[in-house]
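The next block holds one structure in the form of structure tokens; read it before the comments.
Any read-out appearing in this document is the output of simple, stated calculations on the displayed coordinates, not a laboratory observation. In this text the structure is predicted, and so the values were computed from the model without any measurement. Every residue, glycine as well, gets a Cβ built from its backbone with ideal geometry; the counts of neighbours run over all protein chains shown.
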Amino acid sequence: MRKLKREMLLLVVVLGLAGFLRAETYEIDPVHSQVGFRIRHIVSHVNGHFDDFAGKIDYDEKNPEALTASVTIKTASVNTAIAKRDEHLRSPDFFNAQKFPEMTFKTTGVKSAGNGKLEITGDLTLLGVTKPVTLHAEALGAANDQKGNSHAGFSATGTLNRKDYGMVFNMAMDKGGLMLGDDVELLIDIEAVNKKN
């Protein structure tokens with residue numbers, strides 16, 4: 001009987017800890033976040049970002065390797081601060097926003113690299129093609145606002161080859177070389193909120 005009581009007490013403790021350590025769901029705050037990119041243009045770089053995106057992150061500060069994330073980005077919201085260029089980026093030469101209005105990212109694994117650094121792997125779907133992407137991320141901490149809502153911050157970088165997704169448009173230069181690079185740098189800053197009320 002005593003053994004049964006001990007086992008039941010242990011089960012209660014384990015279940016209690018599991019509930020205590022359970023990850024919380026945070027929603028990305030687009031006002032305080034940015035999903036950006038950079039690509040080589042002739043001899044320099046062009047920077048851009050997306051204005052319309054949303055996503056959720058399940059995160060436990062005590063168990064960061066359990067992090068999962070799902071993000072949806074509206075391709076028509078691409079913004080490089082030049083209207084004519086953005087119109088071209090929305091065309092079939094690049095994002096083909098009419099046919100593929102969204103790109104998505106979903107985590108497949110997370111490894112801790114120490115000191116708040118994380119290696120996040122996930123599937124990026126763009127132009128109907130899904131390929132794995134690795135992000136080198138940093139958990140920037142969590143804090144409560146004046147309303148008691150919990151905020152968690154993350155910063156991440158990564159690189160993808162746009163040709164892997166079928167985005168092959170380019171132009172040859174008069175003196176050799178191509179106008180655009182193939183590699184695209186990903187520059188991501190996220191603030192996400194777990195609303196208590």
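Can you pull out the strands (runs of 3 or more DSSP E) entirely within segment 20-59 that have at least 3 residues that are within 15 Å of the chain's Cα centre (by Cα)?
24-28, 34-41, 53-59
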With the condition kept exactly as written, say whether any residue in segment 147-163 is assigned to a helix (DSSP H, G or I) and exposed (fewer than 15 other Cβ atoms within 10 Å of the Cβ). yes
Go through Ala137, Ala97 for me and flag whichever is among the aliphatic types (A, V, I, L, M), assigned to a loop (DSSP other than H, G, I, E, B), in contact with a Lys or Arg (Cβ under 8 Å, 6 or more places away or on another chain) and free of Cβ contacts under 8 Å to residues at least 60 places away in the same chain. Ala97
Condition check for Leu124: touching a helix residue (DSSP H, G or I) at 6+ places or on another chain (Cβ under 9 Å), in a helix (DSSP H, G or I) and of a type in the set (A, V, I, L, M): no
Can you find, within segment 166-176, the residue that is farthest from the chain's Cα centre (by Cα) among those that are surrounded by 12 or more Cβ atoms within 10 Å (Cβ to Cβ) and either over 23 Å from His88 (Cβ atoms) or in contact (Cβ under 8 Å) with a residue 40 or more places away in the chain (or both)? Phe169
Regarding Phe94, is this residue under 26 Å from Asp164 (Cα atoms), of a type in the set (Phe, Trp, Tyr) and over 18 Å from the mean Cα position of the chain (by Cα)? yes
